[in-house]
Amino acid sequence: MKSINNKEKQRIASAYKSILAPLPLVRGWGWVVALLLFASCNDFLTIYPTDKIVGTDFWKTKSDVEGMVNGAYKSMLADGIQERAVIWGAFRSDELVKLADLNNNTLDNISAVNLLPTNGYNNWSAFYKVINNCNIVLAHAPEVMAADPEFTEGDYQTVRAQMLALRSLCYFYLVRAFRDVPLTTQSFEDDAQELALPQSTPAEVLQQCLDDLLEAERYVVRSGAYGYGSWQNWGYITRDAVDAIIADIYLWRAAMTHSQSDYQQAIAYIEKVINAKDTYYEQNHNDRVSATATDRYHLQSGLTAMAVIFGYDNGNSHESILEWQYNGKDNPNYKLENLYYRDGDTEKPKDYSMLMASQLFNSVAANANTAQGQKIHFSRNDYRFWNNVYGANNEEATELSIRKMVDGGSTVISTTSTEGPSKTVSRGFKDFRQNWVVYRLTDLMLMEAEALVETAADNTDQATLKRAFDLVQVVNKRSMDMDAKDTLIFENYNTKDAMELLVLAERERELCFEGKRWWDLMRFSYRHMTGVDANQLLADQTSWPALHPQMLRFVVRKYGEGGKGDAVSYKMKGEPFLYWPVLESEIKVNSLLRQNPVYVQEKTTTKQ
């Protein structure tokens, strides 16, 4: 095996100096990280030959390990991941539509549920790149303990915990997008290694993730350990982040398998996060009234919540749990800007963006039970109604520009407005600093409410349903004008069916455009499906359970009555249609991969 001497390292580092983006998250990267991040390979695991990036001269010091760990985090900021967080997690749902004037057949096909195997959004390589980066660190970090006394057993366990958790998060994204995916814990570093791997079932992949996360929880640092206000408390995976991922996976698996024990586990891990954040707030915030105060959540005031959580100069709020850190200069969040804000092409209008909020956001519904209706919000006294989109309260609008996460200032729009503000483009394209929030507290609170509804014995279990309602009420009330008369009333939602829809509706009001909605709808559908077999590949099944009719109503309601919505509803016939097909080029290079069966012959969703 050819090793690389110090002179060669310096030459390579110099060559990459102009393209390596210095980031608070990634200080002191060496030549290895440069190659790790910028190597180009189309194989699904994106292999980096050993003699190029992990030669025998490299894994010698603590700083070598730290550089590779930072490289793994850096690869999570890739355009391909940010783009898919939106397209996979939000665009397929009822909350987003393609800009009407945008000529993009790929997005048109996705909206029409023609999920072609040649569609570039099916490409999973960005996530497997992160997975392989984690596997490389896990494979080589132990040997550094023998070479560098400064790299202790404690350092190693912390590194190992972060890489296990980051890898698990990537696999969780892949399971939700494709269901059946290749699973490997082996690092691929040599051209001679066999790349072809078969898919594993969701039961196998999710169990591997849970096993790894439960191990990671033992050693990952507690949240806040990096010092008060440090970006690392949100940019690195901490104990709260691990517990959040565990809860999310339990909630997903519970929906697929109807497991009451998994719902209980989800609740338990969310409570761990809530209690940990409550304790940290008590110890670090002067506005804590007393140790016995009844407010466990300490949510930001509704008037300023969006500005603080997603603000241009803020981010990393005390409500947040895990955020990917973009500094706006050396690593702008270009994909979020393209999708939600504007394009960098100077020939296009300044307010041009690829995606828009659907017509469901343009006005309020007649009552709070919006899950059955055609609107997201039920009250103009909800700050989110005015601040999530531009031009709110415009009855004629069929699409609205997104304001959440992309507005250039922190101005809060009053609930006394008659119409929301028009879109502005005050943020420079080259300085688009916008973190992507992976988990935040209200997300977990509503996840707990969802799990509580499913653990209620029946409609007579009013105590459990009231616990779920109280969580929804806390989230809802923080965003309501303090002088508002309208509010949620438990008696209007005191059945399991009504409470389930209330939680789902509140999650959309609170978490719209954050890459959550499609996963929420999938869990809803799974809860109402029988015959789902998470232990069997879709390709091995000859029939599949049908989707719940309400799921179809959710999916198509952004299109309005009739027309396109009816066509989309007709195509969504069963479980396989919830998932993306495997990219055709991947199947060509890996003969062990098996296509989602509804895309095998005609390459569209019209086959079944």
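The values are calculated or read from the model by the stated rules, or taken from the named source; none is laboratory data. Because the structure is predicted, anything quoted here is derived from the model rather than measured. Here the Cβ is made from the backbone with ideal geometry for all residues, glycine too, and neighbour counts use every protein chain on show. To get the accessible areas, we keep the full protein, side chains included, count just its heavy atoms, and leave off ligands, DNA and RNA. Shrake-Rupley method; radii C 1.70, N 1.55, O 1.52, S 1.80 Å.
Quick notes on this structure:
- Three-way shape call for the stretch 215-273 based on the alpha-carbon gyration tensor, with the a/c threshold at 1.5: prolate
- Going by accessible surface with a 1.4 Å probe and the largest first, LYS485, LYS335 read LYS485, LYS335.
- Taking a ≥ b ≥ c as the square roots of the eigenvalues of the Cα gyration tensor, the stretch 148-298 is classed as oblate, since a/c reaches at least 1.5 and a/b does not exceed b/c.
- Accessible area of HIS140 (1.4 Å probe, protein heavy atoms only, ligands and nucleic acids ignored): about 30 Å².
- The stretch 83-129, Rg to Rh (Cα coordinates; Rh as Kirkwood inverse mean 1/r): 0.97
- From the Kirkwood radius over Cα pairs of the stretch 395-489, Stokes-Einstein at 37 °C and 0.692 mPa s returns a whole-number translational diffusion coefficient of 193 µm²/s.
- Gain on full stretching of the segment that runs from LYS60 to GLN541 - 0.36 nm per residue minus C-alpha separation: 168.2 nm
- Toward the positive end of the charge dipole of the stretch 164-294, with +1 on the Cβ of Lys and Arg and -1 on the Cβ of Asp and Glu, the farthest Cα among ALA255, PHE178, TYR280 is that of TYR280.
- Here LYS423 is the anchor, and the aspartates and glutamates within straight C-alpha reach of less than 15 Å, apart from those fewer than 8 places off in the same chain, are GLU337, ASP343, ASP351, GLU399, ASP407.
- Each residue was assigned an accessible area with a 1.4 Å probe, and for LEU303 the value is about 80 Å².
- Spacing of the two label points (7 Å from each Cα toward its C-beta) at ASN459 and ALA100, in nm: 4.2
- Overall size of the stretch 180-259 from C-alpha positions, given as principal axis extents largest first: 46, 41, 19 Å.
- Geometric descriptor of the stretch 113-177, per residue, is 76 Å³ (volume of the convex hull of the Cα atoms).
- Taking a point 7 Å out from the Cα of LYS348 in the direction of its Cβ, the residues of the stretch 67-107 whose backbone N falls within less than 12 Å of it are 99-104.
- On full extension, the segment bounded by ALA484 and VAL221 gains 90.5 nm, given 0.36 nm per residue less the C-alpha separation.
- Taking every protein chain into account, the accessible area of the stretch 403-499 amounts to 41 square angstrom per residue (probe 1.4 Å).
- Shown for the stretch 92-226: the carbon plus sulfur share of the solvent-accessible area, taken with all protein chains present and a 1.4 angstrom probe, equals 45%.
- Per-pair calculated FRET efficiency, R0 = 45 Å: SER591 and HIS285 via Cβ, rounded to 0.05: 0.20
- Rolling a 1.4 Å probe across all protein chains gives LYS573 an accessible area of roughly 90 Å².
- Sequence-distant aspartates and glutamates (8 or more away, or on other chains) whose Cα lies within less than 14 Å of LYS74: GLU66, GLU323, ASP330
- Annotation: extensible slack from GLN207 through ARG296 equals 28.9 nm (criterion: 0.36 nm per residue apart, minus Cα-Cα distance).
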